[in-house]
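Some notes on the structure that comes next.
Laboratory data are not the source of any read-out in this text; all were calculated from the coordinates shown. Computed from a predicted model, the values in this text were never measured in an experiment. When we count neighbours, we look across all protein chains shown, and the Cβ atoms used for this are built from the backbone with ideal geometry, even at glycine.
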Amino acid sequence: MLTKTSKIRKPVGISNFRKDLALYIKKAQREPVIVSTTGGGSRVLLDVDFYNTLVEAYEDHKDAETLSKAIAHDDGTRYSLSDVKKRYGISS
């Protein structure tokens, strides 16, 4: 699993990627592999654990942003549980 980010490596062309697929899959366990396509776009092959770590970090960041916005717009209004139950017709 990747433990730290590193500089982006030189992209590998799609033809070389196809030819040496097993090599690049193994390499992706250590570092991201950038694959350039003939249409000018690029894709990144990542180790699944590293990908999951990135997704979790992104989600944590988005959650922190949402919390910050909520705190900034908090007007101080609070409701008790009994008031909420009464308002929505919920019995104990």
Checklist outcome for this item: For Val12, the residues 5 or more places away or on another chain with a placed amide H closer than 5 Å to its own amide H are Ile34, Val35, Ser36
Checklist outcome for this item: In order over the stretch 53-63: 3J(HN,Hα) from phi, Karplus 6.51/-1.76/1.60, θ = phi - 60°, whole Hz, x for each Gly or Pro, gives 4, 4, 5, 4, 5, 5, 5, 4, 4, 5, 4
Next on the checklist: So if each residue of separation counts as 0.36 nm, and I subtract the Cα-Cα distance between Ile90 and Lys69, what length gain in nm does that give?
Outcome noted: 4.6 nm
Next on the checklist: Working only with C-alpha atoms, what are the Rg and Dmax values of the chain, expressed in angstrom?
Outcome noted: 23.5, 67
Checklist outcome for this item: the stretch 47-92 -> Rg/Rh from Cα coords, Kirkwood Rh, value 1.31
Checklist entry - Which peptide among 57-65, 74-82 comes first, and what is the full order, when sorted by highest mean count of other Cβ atoms within 10 Å? => result 57-65, 74-82
Checklist outcome for this item: Whole-Hz Karplus couplings 3J(HN,Hα) for the stretch 68-83, θ = phi - 60° and coefficients 6.51, -1.76, 1.60, Gly and Pro as x, run 4, 5, 5, 5, 5, 9, 5, 9, x, 5, 10, 10, 7, 4, 5, 5
